[in-house]
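J.: There's a structure below that I have some questions on.
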Amino acid sequence: MQPYDERLTAPRSWWFIAVLIGFGTALIMLPFGTLPMLGGLIAGAALACVAVSSYGSARVRVVAGSLVAGEARIPVSALGTAEVLDADEAAAWRSYKADPRAFMLLRSYIPTALRVEVTDPQDPTPYVYVSTRDPEGLAAALTAVRAETAQEKRPTT
């Protein structure tokens, strides 16, 4: 099996913005004195960094015969064909081509994605949209797991 594990980390510019939020909070607290200003700097920057870290902590993995995207765990047996989306196609599927019933783990700062059909008749979700920096690698990992599962189900003679 070809393992796949990716963390959808936030870009460096977001961390810089978090530090700027800390400075902004310090400026707001400046009229109250030096100590409140330092408290505002530390608290503002810390809260902004926690928010950036939390948003950038989403993971995409292929583990134990399942696609794990954020909080969702979808068995590969319930998934159909995977479509690698370049930046333009991914933007289209995030906007005017999107189906409101679809499961989407998207990050606007990642231009490429993978779209995988859901073939489970009991599931109303038409497809899974996952932002990824390596859509080919994720598609290959899903194909490898599907092939491995099919090989295990073959009767031995």
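The values are calculated or read from the model by the stated rules, or taken from the named source; none is laboratory data. From a predicted model like this one, the values you see are computed outputs, not experimental measurements. We place every Cβ from the backbone using ideal geometry, glycine too, and count neighbours over all the protein chains shown. In case anyone asks, the SASA skips ligands and DNA or RNA and just uses the protein heavy atoms, side chains included. Shrake-Rupley method; radii C 1.70, N 1.55, O 1.52, S 1.80 Å.
J.: Kindly list the number of the only condition in (1) modelled with pLDDT under 95; (2) farther than 19 Å from Thr132 by Cβ; (3) not charged (D, E, K, R) that fails for Pro3.
T.: With respect to (1) modelled with pLDDT under 95; (2) farther than 19 Å from Thr132 by Cβ; (3) not charged (D, E, K, R), Pro3 is out only on (2).
J.: Moving to a separate point now. Which members of segment 99-118 meet the condition of being basic (Lys, Arg) and either in a strand (DSSP E or B) or under 17 Å from Gly137 (Cα atoms) (or both)?
T.: Scanning segment 99-118 gives a single hit, Arg115.
J.: Can you run down the residue pairs with Cβ atoms below 8 Å, 6 or more apart or on separate chains, where the first is in segment 64-87 and closer than 15 Å to Tyr129 by Cβ and the partner is of a type in the set (S, T, N, Q) and not in a loop (DSSP other than H, G, I, E, B)?
T.: Ile74/Ser66; Ala82/Thr143
J.: Here's a follow-up. When you look at Tyr129, is it part of a strand (DSSP E or B) and of a type in the set (Phe, Trp, Tyr), yes or no?
T.: So Tyr129 fits the description; yes.
J.: For segment 15-49, which residues satisfy the criterion of being in contact with a helix residue (DSSP H, G or I) (Cβ under 9 Å, 6 or more places away or on another chain) and among the β-branched types (Val, Ile, Thr)?
T.: If the condition is that a residue be in contact with a helix residue (DSSP H, G or I) (Cβ under 9 Å, 6 or more places away or on another chain) and among the β-branched types (Val, Ile, Thr), then Ile17, Val19, Ile21, Thr25, Ile28, Ile42 are the ones that fit.
J.: Here is a further query. Being out of contact with any Gly (no Cβ under 9 Å at 6 or more places or on another chain), surrounded by fewer than 14 Cβ atoms within 10 Å (Cβ to Cβ) and on the phi > 0 side of the Ramachandran plot: is that true of Ala87 here?
T.: no
J.: Quick check on my filter: what residues within segment 125-136 are in contact (Cβ under 8 Å) with a residue 40 or more places away in the chain and either open to solvent by 10 Å² or more (accessible area, probe 1.4 Å) or touching a Ser or Thr at 6+ places or on another chain (Cβ under 8 Å) (or both)?
T.: Listed by number, the residues that qualify are Ser131, Thr132, Arg133, Asp134, Pro135, Glu136.
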